[in-house]
Ligand SMILES: CC(C)(COP(=O)(O)OP(=O)(O)OC[C@H]1O[C@@H](n2cnc3c(N)ncnc32)[C@H](O)[C@@H]1OP(=O)(O)O)[C@@H](O)C(=O)NCCC(=O)NCCS
């Protein structure tokens, strides 16, 4: 049996931070120092870490949730930006399990989710109830070309999505 823990960045212990870095290194092989620098410069105390954990306390999948606001048709909505999604072993359903839990967390907390990904991962997120936002409905200045924007929940009704923070 697995369980999911969602922890505020400001409350993360040093040991857990070390374990998260080890998990992230399975997907992005940067040094521990460079992972730490990234975390220090990109995460605020109100951002969240979401961890899928097995019976032995091993982290199987991970993502972070950036506390941000999205503008949909000129109205600001508290939302979370999903990033750094990774599973220590691929195609075992661990990524999907963590996504399902995070989706229900977003729904319970009445927040939209937004994420940016490459084309090849659109299927994974779409299979997990996220929806690709068509480029004509996006106004995000710092978005590189070829990066896909996805939103949760599916079928969100709006004409224009604006976000002026940095793309995580
Ligand atoms: C993307 C990722 C989190 C998915 O987690 P997972 O536990 O492997 O996925 P699940 O087992 O729950 O689901 C399997 C689905 O994931 C997708 N997937 C998994 N590995 C993939 C890969 N290398 N390329 C493209 N899609 C992949 C596929 O849609 C797959 O479905 P399929 O088997 O029907 O093709 C995981 O593969 C990973 O850690 N990737 C490296 C880090 C990364 O790129 N993260 C995304 C940042 S936006």
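The values are calculated or read from the model by the stated rules, or taken from the named source; none is laboratory data. Since we're looking at a predicted model, the values are computed, not measured. Virtual Cβ from ideal backbone geometry, glycine too; neighbours counted across all protein chains shown.
Filtering the stretch 37-54 to residues that are under 26 Å from residue 3 (Cβ atoms) and free of Cβ contacts under 8 Å to residues at least 40 places away in the same chain leaves 39, 43, 44, 45, 46, 47.
Scanning for something under 23 Å from residue 90 (Cβ atoms), in contact with a strand residue (DSSP E or B) (Cβ under 6 Å, 6 or more places away or on another chain), away from the ligand (no atom under 15 Å from the Cβ) and at pLDDT 95 or above, does the stretch 23-36 turn up at least one residue? There is no residue in the stretch 23-36 that is under 23 Å from residue 90 (Cβ atoms), in contact with a strand residue (DSSP E or B) (Cβ under 6 Å, 6 or more places away or on another chain), away from the ligand (no atom under 15 Å from the Cβ) and at pLDDT 95 or above.
Here residue 53 does not fit the description of being surrounded by 12 or more Cβ atoms within 10 Å (Cβ to Cβ) and in contact with a helix residue (DSSP H, G or I) (Cβ under 8 Å, 6 or more places away or on another chain).
Among the residues of the stretch 3-15, not a single one is within 14 Å of the ligand (Cβ to nearest atom), within 13 Å of the chain's Cα centre (by Cα) and on the phi < 0 side of the Ramachandran plot. Filtering 66, 140 for residues that are under 20 Å from residue 159 (Cβ atoms) and either surrounded by 13 or more Cβ atoms within 10 Å (Cβ to Cβ) or under 15 Å from the mean Cα position of the chain (by Cα) (or both) leaves a single hit, 140. Scanning the stretch 93-120 for residues that are touching a residue at least 12 places away in the same chain (Cβ under 8 Å) and over 20 Å from residue 67 (Cβ atoms) gives 94, 95, 96, 97, 100, 118, 119.
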